[in-house]
Structures are given as structure tokens and as C-alpha cells.
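Student: Please see the structure below; I have some questions.
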Amino acid sequence: MTLTKTVWSTAVAATLALSSLAAHADAKRDLVQRLPLSQKAELEGLATNLIQSPARQLVGQLVQPAMGLVPEDKREATGKQVDAEIQKFLDSATPVIKASATKVGPAAIGGVLEDKLTEDELKQLVVMLDSPIIKKYQAALPEIQKALIDRISGDARPQVDPKLQALQDTLKKILDTASNGRLSQAMAAQQQAQGSAPGAKPAPSAAKPAPKK
């Protein structure tokens, strides 16, 4: 066989091998898409829980402590204002996080499962989730969830963070007004105490966003 034919044969073989690998990857990707976790309803459910988490944090860390500073005769009306603002935030941010979930979620799931399971195992998983393969699938779930949350949060954060900050500012204003300025006084006193405490770290720059949990 001449050198030219050898080179050509090698090139053809390499191309066929690459095509086979691509087809194999596509097959695994298709199988992952058929798993329940990759379905739109599941992804949107995860996204809903994800966006409700910071709202719950605000209620626990800001609203509930501050309501104690609000005169009793104003608490019901203030509570309704707070609830309305939180619902406004959820109505605005939930479609954003759901869109991110359906956009980047399947790739995040596939990135983990395509590495953890073979094509044959994925086929078995799709057919019967109670097979022994489920142990590997369940073992990968924490990593899948982390990958999902990281990807969805990263994709949606530029749009959601300003909404969350606006909600926090609005809630502070509502609660401060209802408490006749006692909330802002309490927060100022707390910041002063933290700043004068031994070994206290300087306040973070306003240009740096607060770390998200």
C-alpha cells in the first residue's frame, strides 16, 4: 500500500471513529433528556424552590425581627405590605429563573450523568428506575443538584439580583416607616457595634455584591 493510500485510510478511519463517538454522545444525550429530572416540569419545580429561598431568608433575617419594632396597631397593615412586595418579587423573578432552568438545566444534568453512566446504563435507567442502576443515579443526584443550582444561578443572577436588592430595600423602607424609624436606628446601632468590636473587619465595598448562599 502506498503512503498516500495509508494516509487516506488512516484519515477515513479517524473520521469514522469521530463520527461514532459523536453518535454515541448524541445517543447518551437523548437518553438523559428522557429522564424525569430533565423534564420541563421537574426543572421548573426546582427553579421555583431556588427563587423562593432568598425570599424566605429575607423574611427570617429582616422581616420577622423588624416586625417586633412595629407598633402593634400597624403590624397587620405592614404585614400585608410586606407580603405584597414579596409576591411582586416572586412574580417578577420566577419566570426568569424558570427560563434559566429549562435553558441550562438539561446540559448541567447531562454533563454529570453522561460521565457517570454508560449508554447502556442510561437505557436501563430510562426503562426502569427501580433497577440496580438507580444506586449510581441516586449517588450522582447531589452532584447533579449542585451543577443545576450553579448553572441556573449563574445564568439568572444578573437579572434576579437587582430584583432581590430592590425587594430588600423596599421591605426595609416599609418596616422602618411602620416602626417610626426604629429599624434604621437599630441597624445603625448594630453596624456601629460591629465596627467598633475588637478585630472587626471593615465593611465590604458597596461595589461587591453580598455572597449568596
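Student: For segment 97-187, give the percent of accessible area contributed by carbon and sulfur heavy atoms, probe 1.4 Å, rounded to a whole number.
Tutor: Its accessible area is 54 percent carbon and sulfur atoms.
Student: Here's something else I'd like to know. Need one value: the accessible area of K136 in square angstrom, 1.4 angstrom probe, rounded to the nearest 10.
Tutor: About 90 Å², rounded to the nearest 10.
Student: Then there's this: Please work out the average accessible area per residue across segment 73-153, using the 1.4 Å probe convention, and give it in Å². Write out the running numbers ahead of the final one.
Tutor: On the way: 4460 Å² over 81 residues.
Here the per-residue accessible area is 55 Å².
Student: To the nearest Å, what is the center-to-center distance of segment 87-160 and segment 37-78, using C-alpha atoms only?
Tutor: So the separation of the two Cα centres works out to 24 Å.
Student: Could you check the simple spin-label distance between Q191 and R157, using points 7 Å along Cα→Cβ, in nm with one decimal?
Tutor: Once both label points are built, they end up 2.4 nm from each other.
The values are calculated or read from the model by the stated rules, or taken from the named source; none is laboratory data. Please read all numbers here as calculations on a predicted model, not as lab measurements. Cβ coordinates were reconstructed from backbone atoms using ideal geometry, including for glycine residues, and neighbour counts include every protein chain displayed. For the accessible areas, the whole protein counts, side chains as well, though only heavy atoms, and no ligand, DNA or RNA atoms are used. Shrake-Rupley method; radii C 1.70, N 1.55, O 1.52, S 1.80 Å.
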